[in-house]
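Chemist: I am attaching a structure below and will ask some questions about it afterwards.
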Amino acid sequence: MTTLERTLAKALTEIVIRLDLSDDDAIAPGAAMQVLAPVIALLHELPEQDRRALAELINQCAQEETDPERHLTAWETPETLGLLA
């Protein structure tokens with residue numbers, strides 16, 4: 001994968017982590033889903049091979065996380081984004 005692809009996967013993972021772990025008073029869960037819904041829709045348009053490749057990049061990002069809570073959320077990100085469907 002290219003540096004650009006890896007950086008974009010890492011940025012997407014970071015967004016999901018921050019939305020998921022934010023205090024509900026800061027970002028309501030419904031608002032978080034409103035942010036993610038169009039992203040999920042775009043990702044569903046990708047060919048299955050590309051979705052799997054993105055999921056693998058995100059899993060690599062998850063492996064780099066040292067904080068247990070961030071690690072778990074990152075590990076769940078491919079499922080959250082519907083990449084494994």
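Chemist: Counting only helical runs of four or more DSSP H residues, what would the 222 nm mean residue ellipticity of the chain come to if each run contributes -39,500 (n - 2.57) and the total is spread over all its residues?
Modeler: -25500 deg cm²/dmol
Chemist: Determine the dipole magnitude for the chain: charges of +1 sit on the beta-carbon of Lys and Arg, -1 on that of Asp and Glu, nothing else is charged, the reference point is the Cα centre, and the result goes in debye to the nearest 20.
Modeler: 280 debye
Chemist: At 0.890 mPa s and 25 °C, plugging the Kirkwood radius over alpha-carbon pairs of the range 37-85 into Stokes-Einstein gives what diffusion coefficient in µm²/s?
Modeler: Rounded to a whole number, D works out at 224 µm²/s.
Chemist: Continuing with this model, one more query. Along its three principal axes, how long is the chain when you only count alpha carbons? Whole Å, largest extent first please.
Modeler: 37, 29, 22
Chemist: Please find, in a Gaussian network model of the chain (springs between Cα atoms separated by less than 10 Å), the residue of Ile40, Ile17, Ile58 whose mean-square fluctuation is greatest.
Modeler: For the chain, modelled as a Gaussian network with Cα springs under 10 Å, the answer is Ile40.
Chemist: Taking 7 Å along the Cα-to-C-beta vector as the label spot, tell me the Leu42-Glu64 distance in nanometres, rounded to one decimal.
Modeler: Inter-label distance under the simple model: 2.0 nm.
Chemist: Compute the length gained on full extension between Ala53 and Ser22: take 0.36 nm times their separation in residues and subtract their Cα-Cα distance, giving the result in nm to one decimal.
Modeler: Difference between extended and current length: 8.4 nm.
Where a number appears in this text, it was derived from the coordinates with a stated rule and is not lab data. Because the structure is predicted, anything quoted here is derived from the model rather than measured. Don't worry about glycine lacking a Cβ; one is built from the backbone with ideal geometry, like all the others, and counts go over all protein chains shown.
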